[in-house]
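Some notes on the structure that comes next.
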């Protein structure tokens, strides 16, 4: 360790001892870095902790001691006169200065028990305090930094050791890649790069009245990986009617930069009539065949940085509709009595794709007395003669697609089919009522009479 050391030589007669050969005491200062000689401590950063080490004859003991220092320490640094410790964090910068620390003490010679009072010795230290500024950007490395085209960034500076005073920032060269900006008030780099560029070196400098610091790095903008891919119009399953044009399915991807995706592919092949654009990823067309159950498709988008996939399920079906109840009825056996009592309504008048049905047709013509509603597909009326047969109902949608279903209509002759017996036509009834040529069994007279197979 390096330090300047003082020795004690008391006056001829002091206290209870006039011995000029008082025991020698020396001391020196050190910190974690060793002796204090021309050391430098950063302002607002260093936690100073300097302590004296006293050297004395092992046969002596200090019975009183106190410390003093001259000149005063820098602001933020404190001196303890009892221990001699120097502690604190400097808040101002001062040039290298020499400080004299005095130790005043009384010492006893343990061999002859003599006490030597009013002794003193000194040591000198020298150090400076200065601003040690640092400027860093957490997301910027000293070397090359590759930014992804179309991906927004915000880089904030971290500064330390500048002391008080407003910090301003500058960048050189002043022009960043297209889409990026630099804020000279807070040093932030922000924006979304819009053009691919080569690597360019930049230097940012932070300055205030106390200090300045710089950081250097390079920036390059390249096509980055596709971070998200989907078909918003078909987030889960899509069902399209056959023979109807579909609304184009457009992909959504991030970052959304024109021409950044070099190729598109889909697997397996789409249903007949639908097409996949390998340049844009758009799905369009008019399905011409049924593809049911739904099939899962995988779309892959590829660029120079890699590829990303998304999946969805798709089905193509004929327009789906039908009838809830059997279409049956009976001729009117007497005025005012109608056994064709239920309106027959299509069970699902819209296709699963959501295109509404605009009209219905039926072939052949309905039996006499029955009426057909071409806008709703309802059958109503009072049949006047017996008949039975199959009829074809066709539904047409606003998208131009159509589909057909077959229904069976049966008209009875109005003959009474209500029986009161235990066994009728080979059917044994739990209750005494039965109805119909099909031997349906009913548990009450009202249910028998009100059945569509029974007239009174």
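Worth a mention:
- Matching strands (runs of 3 or more DSSP E) fully within the range 313-393 where at least 1 residues are modelled with pLDDT of 70 or more and surrounded by 13 or more Cβ atoms within 10 Å (Cβ to Cβ): 357-363, 370-372, 379-381
- Per-region count, the range 62-78, residues assigned to a strand (DSSP E or B) and either surrounded by 14 or more Cβ atoms within 10 Å (Cβ to Cβ) or touching a residue at least 12 places away in the same chain (Cβ under 8 Å) (or both): 10
- Residue list for the range 244-263, restricted to those being crowded, with 18+ Cβ neighbours inside 10 Å and in contact with a strand residue (DSSP E or B) (Cβ under 7 Å, 6 or more places away or on another chain): 244, 246, 249, 251, 253, 255, 260, 261
- Residues being within 12 Å of residue 300 (Cα to Cα) and part of a loop (DSSP other than H, G, I, E, B) - total across the range 266-276: 1
- Test for residue 81: is it surrounded by fewer than 18 Cβ atoms within 10 Å (Cβ to Cβ), in a loop (DSSP other than H, G, I, E, B), without any contact (Cβ under 8 Å) to a residue 40 or more places away in the chain and touching a strand residue (DSSP E or B) at 6+ places or on another chain (Cβ under 7 Å): yes
- Members of the range 193-226 that are under 30 Å from residue 298 (Cβ atoms), surrounded by fewer than 17 Cβ atoms within 10 Å (Cβ to Cβ) and at pLDDT 90 or above: 196, 222
The values are calculated or read from the model by the stated rules, or taken from the named source; none is laboratory data. None of the values given here were measured: they were computed from a predicted structure. Methodologically, a virtual Cβ is constructed for each residue, glycine included, from the backbone with ideal geometry; neighbour enumeration extends over all protein chains shown.
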